[in-house]
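A short write-up of the structure that comes next.
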Amino acid sequence: MPDLPLSQITRVDVRKAWPHEAHDFTRWLAEDENFQTLADALHFFEAEVEATEAAVGDFSADIIARDREGLILIENQLAQTDHTHLGQILTYLAGFDEPARVVWISTKVREEHRAAIDWLNAHTPTDFAFFAVELELFQIDSCPAAPHYYVVAKPNEWSRHVSARGRRLAAEGLTPASKVYKALWGELNAYLLEHDTAHRDKVPTTAMWWSFSIGRAGFNLATLASVQDSRIAFELYCGNDPEKRGFDQLYAQKDAIEAEVGQSLSWERIDNKTAWRVIIRRPDCPPDKEDRWPEYFTWYLETMQGYRRAFQPRIAKLDLSAGSRADDDGEPA
């Protein structure tokens, strides 16, 4: 008899975990911890969700995300693949003006659709990539069920591409500015773990921004630093609100929000983009001056807490559907 007790793995119907595809599975997958499991299976580096049920023409894309290499489009189907979803995927791509990696998640990939994904990978430009992924759910005894992603189809060169990317990053190393950001965010992470009960341990990035969840997909908070401009900043960022519905509803409450944050804010609608931000910039704060980091960390934390206090409950109530507007007293109509 083996010393280690053994049991049996049971396959679970995914509908028991997620009865409704959009309301249950898409929302679950969009949570950062859950999305990272999928990103790891596909070797997407530092991927973050930007939006769910995002409007693309007359349709809605399930999840839009980004990583260092650009746009990621997720199409969910808690059933066997069908022609309708394949057509939707192609329609979404026509609505974007940039290359993308497309991930089609289903419980079973039909052979003809696997062949279609292979054809798209072989006949579209190399800055497009298509993945067919089967979602499985397993359980051992009475333990919680766990999802598993089986990649059925991917670009032929994907594994080689991932390896080459890793070698390239290792060979290039970090720029002086990236080293500053990695050290700055690493020390800030330690500071927040000690002083902010809401903070969970995060791997520091080498980018000039570091993002934090605010409880709704498509919105995030971020600390920012610029070696080039000798300044630090903090922002609320929404990456996909082309009609600016969320921005306008929040801006209608500008005075109340700024009073709760305790600082004046820069409200940037960015009308020529799908994104918008509400940001505070502090000039004359060089990120590479380590002796000033304690000052920066105190400001980052106080500002983050102010943003959470003022924005989090309001963002949860935003009506981003077509036709929504802000009424005279600043609440969504």
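The values are calculated or read from the model by the stated rules, or taken from the named source; none is laboratory data. Keep in mind that what you see is a predicted model, and the values were worked out from it rather than measured. Ideal geometry is used to build each Cβ from the backbone, glycine not excepted, and the neighbour counts take in all protein chains shown. Accessible surface areas use protein heavy atoms only, side chains included; no ligands, DNA or RNA. Shrake-Rupley method; radii C 1.70, N 1.55, O 1.52, S 1.80 Å.
General remarks:
- Test: residue in region 76-98 that is open to solvent by 50 Å² or more (accessible area, probe 1.4 Å), of a type in the set (Val, Ile, Thr) and over 20 Å from the mean Cα position of the chain (by Cα): yes
- Residue check for Ala115: open to solvent by less than 50 Å² (accessible area, probe 1.4 Å) and either in a loop (DSSP other than H, G, I, E, B) or under 30 Å from Ile214 (Cβ atoms) (or both): no
- Residue list for region 208-223, restricted to those being hydroxyl-bearing (Ser, Thr, Tyr) and surrounded by fewer than 19 Cβ atoms within 10 Å (Cβ to Cβ): Ser211, Ser213
- Any hit, region 240-248, residues being more than 30 Å from Arg27 (Cα to Cα), open to solvent by less than 80 Å² (accessible area, probe 1.4 Å) and either touching a residue at least 40 places away in the same chain (Cβ under 8 Å) or assigned to a strand (DSSP E or B) (or both): no
- Cβ pairs under 8 Å, 6+ apart, first in region 12-32 and open to solvent by less than 40 Å² (accessible area, probe 1.4 Å), second small (Gly, Ala, Ser) and not in a helix (DSSP H, G or I): Val12/Ala145; Ala30/Ala217
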